[in-house]
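The values are calculated or read from the model by the stated rules, or taken from the named source; none is laboratory data. Quantities reported herein were computed from a predicted structural model and do not represent experimental measurements. Please note: Cβ atoms are built from the backbone with ideal geometry, for glycine as well, and neighbour counts cover all protein chains shown.
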Amino acid sequence: MKTISPALQTHLEGDNLTLAFCWKITRQDGVTLGFTSNDKDIVYDGVTYEAATGGDRTAISTTSQMNPDQVDLEGLLFDEGDGVLENDLREGKYDYAEIWLFLINFMNTGMGIIKLRRGRFGKVKIEQGKYTASITSMTDYFSKKMCEAYSAECRADLGDSRCGVNLTALKVTGAVTGVTDNRVFADSSRTEANDYFNYGYIHWLTGDNAGLSMEVKDWGLSTTTFTLFLAMPKTIQIGDTYEAYPGCDKKVSTCEDKYDNVINFRGEPFVPPESVINQSPDAED
C-alpha cells in the first residue's frame, strides 16, 4: 500500500491535476541526476529534475506474485551537458545504477510525492540518439541464486582468491599497430598462441580510451588481431598503449594445460549431466 500526504490526496480527488513524472538516478560512483516529463525544471528534496532532457516509460504494473516487475525507461542522449551522456552509458557508468520513479505536483512540491517504483538499471539499448533502459524492481533480488550448484565448468574467476592464478605476472603490454574499427585492432609485436587472450581483457593505458577496459572475444596470432566483445566508446588509434591479460574458458583442460592450476579447479567435470541422470532403463534391453 502506498501512502501519500492528505494534501496530495485532496489534489488527486480534484478536477485539475498538475502532476509530473520524475525519475532520479544514482550511479555507483555517487553521481545523482534528476529528470522530469514536465516542461520546466522541478526542484525537490535538494535535487533538480531537468526538463530539457525528455523521457518516457512503459506502463508500471504490480502483481501479488514474486516475479520481478520491469519497466522500460526511454530518454534522450547527449554529447555533453547535464543529461545522460552516450559515452557514460557505453563506459558502464550507469551499470547497476539505482533509480526512483515518482509523480509530483509541480505546482506545489511541498505536497510530497507518489512513489511508483524503485529499482536498478538493467539492459540498455542505444539507438537513434536515445537510450532505452530496462529498470528491474527490487524483487529481482529474490530471484538471485543464494548458493552454488555443481557445474562442469569452473565457478571461480581467473585470478580471484579461489582460483589463485597471479594475473599480474601474466600481464603483457603493447601498442596498437593497426585499427579496423573500435572493436578490432592489431599489434604486430604479439607472439602469443591463438586464443591465448580469449575471455581475458584489455586495459587501455593511453589514448581516448585510457582507463577503460573491455573483454577480449578472440585473439588470432596469424593476423595479430584482437577482437573485443563490445566496441570501445571512443576511437582506437595507432600508437595507443594497453595492458592485456589472458583469459580462461573455465574448462578443466584449460586449467590444467594452460595454467597448471587444476588443484584449484572449482567445478565437477565428471558428474553426469542432468540428461543422463534422468534417463530411465529401457524395458526391451
Restricting the stretch 239-285 to residues that are farther than 21 Å from H203 by Cβ and small (G, A, S), which is surrounded by the most Cβ atoms within 10 Å (Cβ to Cβ)?
G267
C248: touching a Cys at 6+ places or on another chain (Cβ under 9 Å) and either among the basic types (K, R) or not in a loop (DSSP other than H, G, I, E, B) (or both), yes or no?
no
Only one of these conditions is not met by R27: (1) of a type outside the set (S, T, N, Q); (2) modelled with pLDDT under 80; (3) within 27 Å of A210 (Cβ to Cβ). Which number is it?
(2)
Which one of these is outside any helix (DSSP H, G or I), modelled with pLDDT of 85 or more and in the same structural domain as Y44 (by TED's automatic domain parsing): F121, F102?
F102
Considering (1) in a loop (DSSP other than H, G, I, E, B); (2) farther than 18 Å from E91 by Cβ; (3) touching an Asp or Glu at 6+ places or on another chain (Cβ under 6 Å), say which one K234 fails and leave the rest.
(2)
Hey, does the stretch 106-127 have a residue that's more than 17 Å from T48 (Cα to Cα), among the aromatic types (F, W, Y) and surrounded by 17 or more Cβ atoms within 10 Å (Cβ to Cβ)?
yes
When every residue in the stretch 1-26 that is polar (S, T, N, Q) and more than 11 Å from I113 (Cα to Cα) is compared, the one nearest to the chain's Cα centre (by Cα) is T26
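Matching residues to (1) outside any loop (DSSP other than H, G, I, E, B); (2) touching a Phe, Trp or Tyr at 6+ places or on another chain (Cβ under 9 Å); (3) at pLDDT below 90:
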site: S64; (1), (2), (3): no, no, yes
site: P68; (1), (2), (3): no, yes, yes
site: E74; (1), (2), (3): yes, yes, yes
site: G83; (1), (2), (3): no, yes, yes
site: D88; (1), (2), (3): yes, yes, yes
